[in-house]
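Peer 1: First, the structure itself, so that you have it in front of you.
The values are calculated or read from the model by the stated rules, or taken from the named source; none is laboratory data. Because the structure is predicted, anything quoted here is derived from the model rather than measured. Counting neighbours? That spans all protein chains shown, and the Cβs are built from the backbone with ideal geometry, glycine included.
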Amino acid sequence: MLFLPIAKFAGFSTSVPFPSFSSMMSQILCFFVIEDFYHYWMHRLFHWGPLYKAIHKVHHEFTAPSGIATEYAHPLETLVFVLGVILGPLSFCYYFRNVHVISMFFWITFKLCQSVEAHSGYDIPFSISYFFPLWANPDHHDYHHMAFVNNFASSFIVWDRLFGTDIKYQAYRNKRIQTKSKLPDVDLLDAFNLKIKKIIKIIDNTSKI
Ligand SMILES: [Zn+2]
Ligand SMILES: [Zn+2]
């Protein structure tokens, strides 16, 4: 109810026509970069002993998170990270005065989807990371929850690479790839057929009794 008056007060445009698709998407990309840079440093700060114990530990109760765990955090942490979400749009509004509420709507939707994907634990085959290599695969944040170190950024892999906070993650990833390459290839179809044959055999044996 208060969103529209606040948005108008902050300088967001609410009139028609809506901005073009390209200008909306380029703005949203900038919002992602600004938010992720802010998120990286705030998240790193939250891993400082006293702040971790008092605030961030709540979010780390999940060592293998699921999508909904993205919202599971101390209220102060939520507030700090929400500030990062509105930082980009507010800065654009202040400097350029050309942010439409519809861009804000899409930005928040995309950001939520990104956060849920990062916590999902699923390596989704159509994830943006497969088309855009700088985008963080869910594996990136999954490692952070598992190891409590490295990978402080949320959307991009750039900041961790740049500031050297993905060294342990890279070593873990390389080790996993090497172990995987040593394992014999399992034909999924063969394994499935074998399982079906076993089930049929069990049913046959049961019906004979
Ligand atoms: Zn953390
Ligand atoms: Zn998390």
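Peer 1: Taking Leu45 as the residue in question, decide whether it is among the hydrophobic types (A, V, I, L, M, F, W, C), part of a helix (DSSP H, G or I), within 16 Å of ligand 1 (Cβ to nearest atom) and over 20 Å from the mean Cα position of the chain (by Cα).
Peer 2: On the way: among the hydrophobic types (A, V, I, L, M, F, W, C): yes; part of a helix (DSSP H, G or I): yes; within 16 Å of ligand 1 (Cβ to nearest atom): yes; over 20 Å from the mean Cα position of the chain (by Cα): no.
Considered against the rule, which asks whether it is among the hydrophobic types (A, V, I, L, M, F, W, C), part of a helix (DSSP H, G or I), within 16 Å of ligand 1 (Cβ to nearest atom) and over 20 Å from the mean Cα position of the chain (by Cα), Leu45 comes out as no.
Peer 1: Sticking with this one: Would you mind telling me which numbered condition in (1) touching a strand residue (DSSP E or B) at 6+ places or on another chain (Cβ under 9 Å); (2) modelled with pLDDT of 95 or more Ser127 fails?
Peer 2: Result: Ser127 fails condition (2) only.
Peer 1: Scan the range 15-56 for residues that are within 16 Å of ligand 2 (Cβ to nearest atom) and among the aliphatic types (A, V, I, L, M) and report the count.
Peer 2: The total comes to 4.
Peer 1: Given the range 100-168, what helices (runs of 4 or more DSSP H) lie entirely inside it while holding 1 or more residues that are buried (at least 22 other Cβ atoms within 10 Å of the Cβ) and polar (S, T, N, Q)?
Peer 2: Correct list: 101-120.
Peer 1: What is the residue count in the range 114-149 for residues that are within 15 Å of ligand 2 (Cβ to nearest atom) and among the β-branched types (Val, Ile, Thr)?
Peer 2: 2
Peer 1: Name the single residue that is nearest to ligand 2 (Cβ to nearest atom) among those in the range 57-81 being surrounded by 13 or more Cβ atoms within 10 Å (Cβ to Cβ), closer than 30 Å to Gly11 by Cβ and free of Cβ contacts under 8 Å to residues at least 24 places away in the same chain.
Peer 2: Residue satisfying both the conditions and the ranking: Ala73.
Peer 1: What is the residue count in the range 48-70 for residues that are hydroxyl-bearing (Ser, Thr, Tyr) and either within 10 Å of ligand 1 (Cβ to nearest atom) or within 18 Å of Val85 (Cα to Cα) (or both)?
Peer 2: Number of matching residues: 2.
Peer 1: Okay, moving on. Say whether the condition of being farther than 22 Å from Thr165 by Cα and in contact with a strand residue (DSSP E or B) (Cβ under 7 Å, 6 or more places away or on another chain) is met by at least one residue in the range 16-28.
Peer 2: For the range 16-28, residues farther than 22 Å from Thr165 by Cα and in contact with a strand residue (DSSP E or B) (Cβ under 7 Å, 6 or more places away or on another chain): present.
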